[in-house]
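Please treat every number below as a calculation from the coordinates, not as lab data. Bear in mind that the values here come from a model prediction, so they are computed numbers and not experimental data. With ideal geometry, Cβ positions are generated from the backbone for all residues, glycine too; neighbour counts draw on all protein chains shown.
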Amino acid sequence: PEPALNVAELLALDRRHVWHPYGPMPGRQDPLVVESASGVRLRPADGSGELVDGMSSWWSAIHGYNHPVLNEAAREQLERMSHVMFGGLTHEPAVRLAKLLVDMSPEGLEHVFLADSGSVSVEVAVKMCLQYWRSLGRPGKQRLLTWRGGYHGDTWQPMSVCDPEGGMHELWSGVLPRQVFADAPPAQYEEAYADHLRSLVERHAGELAAVIVEPVVQGAGGMRFHSPAYLRVLREACDAHDVLLVFDEIATGFGRTGALFAAEHAAVTPDVMCVGKALTGGYLTMAATLCTSRVADGISRGEVPVLAHGPTFMGNPLAAAVACASIGLLLGQDWRAEVKRIETGLGEGLAPAAGLPGVRDVRVLGAIGVVQLDHPVDMRAATEAAVREGVWLRPFRDLVYTMPPYVTGDADVARIARAVCAAARKG
Ligand code: PLP
């Protein structure tokens, strides 16, 4: 076997060969080398001491790392079969997962496409919607409506519904499909904004395949929260004008906002729903696109009656087995009380940030805490300040934020909140 690399060797090779998310090549700042992780703690390889995880690895590791139940599910499935093609074959982990997802998601979502990343699940959602209208003889309905400030992933259709002006995909604004944009949703319910949504749906209905939004929380586009009532406005407008409604629950799903899915805050069922991230408890890459029978039957009645999408790793048994175990873990306990406990802890711990110079807003919902600055954050200074407090955070744009695993204990929640305040002060 090759000898293990020391931290300096590893970083030198990383700098030379490895691309990181949204990173230049070579990176501007050395990443932290992680040796292992368990519970809510990451263990850096340089021996500098454990860090409490304030990020759940981007909304995904909801049960913490190295969980015995998830480890066992992966191990057990690995011994049976790590992967088989899904064309013409099926297996218990995928079937059980589809049934679990249908049972736990808003009433009416019945059919499940197992994709391999959140972005792909959004691509599939868009394809479902466009194909539905084609099948019904209305091929002109092929645009999407969304609101500004969203984020739906980094592949082509998802990028087209991220904010094109000043957003992270601005570079591609001339070549992406041209979509219809509403203003970003206000935090509180405003009738004038509801009218703005209604009138845009009505005006563009003839060319709209679907409205696609992140319900209640806009994540990577700005960590903004909005009134769930807007979801009901969209449902009614879409029904009135023959437009499909897609909820991207990739970040908000599996309890993050205090409801199993954010759609529950509004008691609304979308026609199509995307989930990912926490689906496998952050263990393996898998996402899913769910749709109603109306959508699936519409596609099946078309001239081309198949949904022409089939990734090589579709329905991966390892990921599906871990996803089933992850959902079982979540539903097998009082997760609502745990998320509420975190919400209370973050609310108390982040309150002092409101008085800091340069802080524009402090907001908390479920297991999400956000401090918004009135200037772009100094990522390096803010990250280092959090690490000094023994916490891992990843500030960006004008935001210092946290979405800890719901299993984080009270003392660690307090520590994370102190780190967010320290990062906001330094950033
Ligand atoms: N949609 C939302 C709401 C997201 O937050 C993300 C990722 O941050 C995605 C889609 C894309 O998912 P993935 O990174 O798994 O492709």
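Please state the shape class of the range 205-355: rounded when a/c is under 1.5, otherwise prolate if a/b exceeds b/c and oblate if not, all from the C-alpha gyration tensor. Here the range 205-355 falls in the oblate category.
Packing-based ranking of 398-406, 172-180 yields 398-406, 172-180, ordered from highest to lowest mean Cβ neighbour count within 10 Å.
Pairs from the table (LYS277/LYS340; LYS277/LYS426; LYS127/LYS340) lying more than 26 angstrom apart at Cα are LYS277/LYS426; LYS127/LYS340. Please report the relative contact order for the range 1-101, taking Cα pairs under 8 Å with a sequence separation of at least 6, and give it as a percent rounded to a whole number. Reported relative contact order: 14 percent.
For VAL180, the residues whose amide H sits under 5 Å from its own are LEU144, LEU145, THR146, ignoring neighbours fewer than 5 places away on the same chain, with H placed 1.01 Å from N. Using a simple spin-label model with pseudo-atoms 7 Å out from Cα toward Cβ, ASN66 and ARG198 lie 5.6 nm apart. Principal-axis analysis of the Cα atoms of the chain puts helix 191-204 at an angle of about 50° to the longest axis.
Packing around the peptides 12-24, 244-256, 44-56, taken as the average count of other Cβ atoms within 10 Å per residue, puts them in this order, highest first: 244-256, 44-56, 12-24. The calculated FRET efficiency for the pair ASP297 and MET25, based on their C-beta separation and a Förster distance of 35 Å, comes to about 0.15. Taking a quarter of the surface of the Cα convex hull of the chain gives a mean projected area of 21.2 nm².
Can you give the % of DSSP beta bridges in the range 70-331 that are antiparallel, to the nearest 5? Once the DSSP bridges in the range 70-331 are tallied, antiparallel ones form about 50 percent. Report the antiparallel proportion of the DSSP beta bridges in the range 209-295 as a percent, rounded to a multiple of 5. So the antiparallel bridges in the range 209-295 amount to around 45 percent.
Measuring r between the beta carbons of GLU170 and VAL306 and using R0 = 41 Å, the FRET efficiency lands at 0.70.
What is the helix-to-structure angle for 335-350, meaning the angle in degrees between its Cα long axis and the longest Cα principal axis of the chain, kept from 0 to 90 and rounded to the nearest 10? That works out to roughly 60 degrees.
On full extension, the segment bounded by ALA205 and ASP334 gains 42.2 nm, given 0.36 nm per residue less the C-alpha separation. Expressed as an acute angle from 0 to 90° and rounded to the nearest 10, what is the orientation of the C-alpha long axis of helix 68-80 relative to the principal long axis of the chain? Orientation of helix 68-80: about 60 degrees from the principal axis.
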